[in-house]
Amino acid sequence: MAQLSDIRGHWAEEFITALSDRQIISGFPDGTFQPDRALTRAQFAALLRSAFDRPRVRNAITFRDVPSRHWAASAIREAYETAFISGYPNNYFRPDWNITRVQLWVALINGLDLGDRDLSASELQGLYQDASDIPDYGINQVAAATAQNMVVNYPRLDRLEPNRPATRGEVAAILYQALVKTNRYPSIDSPYVLDVEEPAPQVVNVSHTRELRGAWIASVWNLNWPSKQGMTGTAQKLELTTILDRLASLKFNAVFLQVRPEGDAFYKSNLEPWSRWLTGTQGRPPSPYYDPLEFAIAECRKRNMELHAWFNPFRARSSTNAPKGVAPHIEATMPDAVHTYGTQRWMDPGLRTVRDRTYEVIMDVVKRYDIDGVHLDDYFYPYPVADTDFPDRGTYYAWGGGRTIEDWRRHNVNRMVEQLAKGIRNLKPHVAFGISPFGIYQSGVPTGIKGLSQYDALFADPKYWVQQGWVDYIAPQLYWRIDQTGQSYRTLLDWWSSLSRKNGQGKIPVIAGNNLVKLGSSGWSVAEFEKQIGLSRDRNRNENSVGNIFYNTDPIMENRAGFGARLGRNIYNTLALPPVLNPTSVDPLDPPKVTSESGGQVQWDGQFGVRHWTVYKQVGNSWDLVKILPPDARSIGLSAGRYAICAVDRFARESQGIVVTP
């Protein structure tokens, strides 16, 4: 037979070719088969006559809508006489109606006399998500067809779609399976044939309320980790794991680790020197040697926490009293690009070489490390020093381009943010890019808010970044109390949560930054922070506030004012994955492939791109998240019950849950 021109690569190609070679089916005069086109009842009757030679078991009737001159009249009469197809009330056959998938199985099971119902209704429910859509007249036949491997479902085995018109490709596949059942043809290995000897696993859609529960781990000034300079690499590792253990025990799910506090590196880099906050001497690696960022990522994976690499983009030295930077620090390689401002040294954002350096440093980390996010803090241009302008007038006169110096400075920051956004998304789109700006955009915005205007003082325009869609989330530092009228946490959270991206992309995820360092000082009680978290959660239900990041970890480690215990007992008392911060059109992962479930133990195969595995338990009509597992997990012991296991990808999206009953 001539090759049909439009079936190459089609999922039903082998079935169509097999039937075409045996002259049971044929294509159209133009050489096509049109496998995705629906088939009429008359066309199906003609196929039945070509495929089967069955005895007549009942007398023919005259269908009112099938005249003797109809092209398929004889085939329709024979299909009726052999009990493959019956008509509709009042002796109508409806020859031009499309035949549905359930009608295929009813016809084949009846006409081939392939038995009674072989599976229970509950078993069908376990195999097909849409089993409830099977019409009553077809339940027995669908059960029999399922039991005898005559069900072909593309693209998903668990979707029967019984009432949808069958395509020509589907008819070919199902018809071929019927011929296999009657021992006329050899079986064809296809992933879309439901094999009841190895039934399709049951899957369910499960989910839970997402919440980002984050903590900033600050390295500058040895604020959190390492707690002092000059510790051995072994002691540093122990100190970090102690912090991570504490956060994990309180059900935190994200860590924001400062890896570039002042143009240096908490990781092996050819672009910038080892940080002095690690060893006491800039450029000196930890001893015994290890890579702190690599180690932190691995330890976070074990504890099911995301690791966001936190960079300061332009600070060169946090104190002029500290030793000058050593090569390849920017102070040593590009001294004219660094200015003294107050008691610190700052890179000049107006120089393209500076912006490109920051970009290259960050992209180097994105490329080489399996981080979950890139995170910038609030330091763009430095916070203002009284009566002192940032000393970049020379750069402005050379590169201002007709803008005011204020607009030019904002433009410099904007260009860096845009460059980073594009670079990260092109290289690793699953890596979230976010910024934690000062909590007040401009004094008077919104009405009643008073304080430093980052738009005018830091030359940062986070509203513009959001509108342009450059950031995946915004994490404003809302370091004030709820009742602090001029800087109210509630008012500011509402304003940040109102920001929308252009072109109908929706609102930006907002993660409030909370200043836990203030805990215990006047007006800053555990109850205040509990209320702030509550406000974030209230807006999560209706808006786009998706969690909190705490600055910093010391009060948590100290259990200051009992906050840590309160957090674990009353606030973060259930598990949660972080939210999806950067949606994608890429398909989510497949459900896990379970290889064994017995004796309370479940095992499954690994899968590329898994960040976590989640385990849900059915409680009544709902599913509760009971466990989050690291990516290298391949088994779990479970008590009696009904569970669903999901694969979580690098975007934090869950697959459907594979149902297990160990």
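Sorting the segments 14-21, 390-397 by their mean number of nearby beta carbons within 10 angstrom, highest to lowest, gives 14-21, 390-397. For the chain, the longest principal axis of the C-alpha atoms and the axis of helix 41-51 are separated by about 70°. Taking 7 Å steps out from each Cα toward its Cβ at A121 and Y290 produces label points 6.0 nm apart.
For the chain, the residue among Y572, W496, V431 whose Cα projects farthest onto the positive side of the dipole built from Cβ charges is W496. All distinct Cα pairs of region 178-242 go into the 1/r average, and the inverse of that average, the Kirkwood radius, is 18.5 Å.
Based on the alpha-carbon gyration tensor of region 487-585, what equivalent-ellipsoid semi-axes (square roots of 5 times the eigenvalues) come out, in whole Å, largest first? Before the final figure, lay out the partial values.
Values: eigenvalues 147, 50, 24 Å².
Gyration-tensor ellipsoid for region 487-585: 27, 16, 11 Å.
Please report Rg over Rh for region 1-77, where both radii come from the alpha carbon positions and Rh follows the Kirkwood definition. Can you show the working numbers first?
Working: Rg = 14.8 Å, Rh = 14.3 Å.
Taking Rg over the Kirkwood Rh, I get 1.04.
Kirkwood radius and radius of gyration were both taken over the C-alpha atoms of region 517-557, and their ratio Rg/Rh is 1.04. You can think of it this way: the chain between A561 and Q3 has 193.1 nm of extra reach, that is 0.36 nm per residue less the Cα-Cα gap. Rounded to the nearest 20 debye, the dipole size of the chain about its Cα centre is 780 debye, using +1 on the Cβ of Lys and Arg and -1 on the Cβ of Asp and Glu. If I take R0 = 41 Å and measure r between the Cβ atoms of W399 and V586 in this structure, what FRET efficiency does the formula 1/(1 + (r/R0)^6) give, to the nearest 0.05? Efficiency computed from Cβ-Cβ geometry: 0.55. Between region 321-347 and region 1-20, the alpha-carbon centres lie 69 Å apart.
Here the Debye sum runs over all C-alpha atoms of region 268-317 as equal scatterers in vacuum, and log10 of I(q)/I(0) at q = 0.20, 0.27, 0.29 Å⁻¹ comes out as -0.84, -1.13, -1.17. Each 10 Å bin, from zero up to the one with the longest distance, holds this percent of the alpha carbon pairs of region 166-325: 9, 29, 19, 8, 8, 12, 10, 4, 1. Taking the chain as the reference, fit the longest principal axis to its C-alpha atoms, fit the long axis of helix 292-302 to the helix C-alpha atoms, and give the angle between the two in degrees, 0 to 90, nearest 10. Compared with the principal axis, the helix lies near 40 degrees.
How much of the DSSP beta bridge set in the chain is antiparallel, as a percent to the nearest 5? Bridges in the chain are about 55 percent antiparallel.
Per-residue counts of other Cβ atoms within 10 Å, averaged by peptide: what ranking do you get for 590-603, 417-430, highest first? Could the numbers behind the result be given before it?
Values: 590-603: 15.1, 417-430: 16.9.
Averaged packing, sorted descending, gives the order 417-430, 590-603.
Computed from Cα positions, the angle between helix 405-427 and the longest principal axis of the chain comes to roughly 40 degrees. Solvent exposure of region 32-166 amounts to 47 Å² per residue of accessible area, where only protein heavy atoms count and the probe is 1.4 Å. Report note on the peptides 171-179, 51-59: ranked by the mean count of other C-beta atoms within 10 Å, highest first, their order is 171-179, 51-59.
When the expected Rg is taken as 2.2 N^0.38 Å, what fraction or multiple of it is the alpha-carbon Rg of the chain?
Working: Rg = 32.9 Å, N = 662, 2.2 N^0.38 = 26.0 Å.
For the chain, the normalised Cα radius of gyration is 1.27.
In the chain, helical runs assigned H by DSSP with n ≥ 4 each contribute -39500 (n - 2.57); averaged across all residues and rounded to the nearest 500, the mean residue ellipticity at 222 nm is -9000 deg cm²/dmol.
Directionally averaged projected area (region 324-457, Cα convex hull): 9.9 nm². Normalised by 2.2 N^0.38 Å, where N is the number of residues, the C-alpha radius of gyration of region 55-133 stands at 1.32.
Ranked from largest, the principal axis spans of the Cα set of region 1-149 equal 46, 41, 25 Å.
The HN-Hα couplings worked out from phi for region 607-622 by the Karplus form 6.51 cos²θ - 1.76 cosθ + 1.60 (θ = phi - 60°) are 8, 5, x, 7, 9, 8, 10, 10, 10, 10, 10, 6, 10, x, 9, 10 Hz, whole numbers, x standing for Gly and Pro. Relative contact order of the chain: 10 percent, from C-alpha pairs under 8 Å at least 6 residues apart in sequence. With semi-axes defined as the square roots of five times the eigenvalues of the C-alpha gyration tensor, the equivalent ellipsoid of region 451-490 measures 22, 14, 7 Å, largest first. So what's Rg/Rh here for region 116-165, counting alpha carbon atoms and using the Kirkwood radius for Rh? Across region 116-165, the Cα-based Rg/Rh ratio is 0.91.
The values are calculated or read from the model by the stated rules, or taken from the named source; none is laboratory data. None of these values were measured; they are calculated from a predicted model. Note that each Cβ is placed from the backbone with ideal geometry, even for glycine, and that neighbours are counted across all protein chains shown. What goes into the accessible areas is simple: the full protein's heavy atoms, side chains included, and nothing from ligands, DNA or RNA. Shrake-Rupley method; radii C 1.70, N 1.55, O 1.52, S 1.80 Å.
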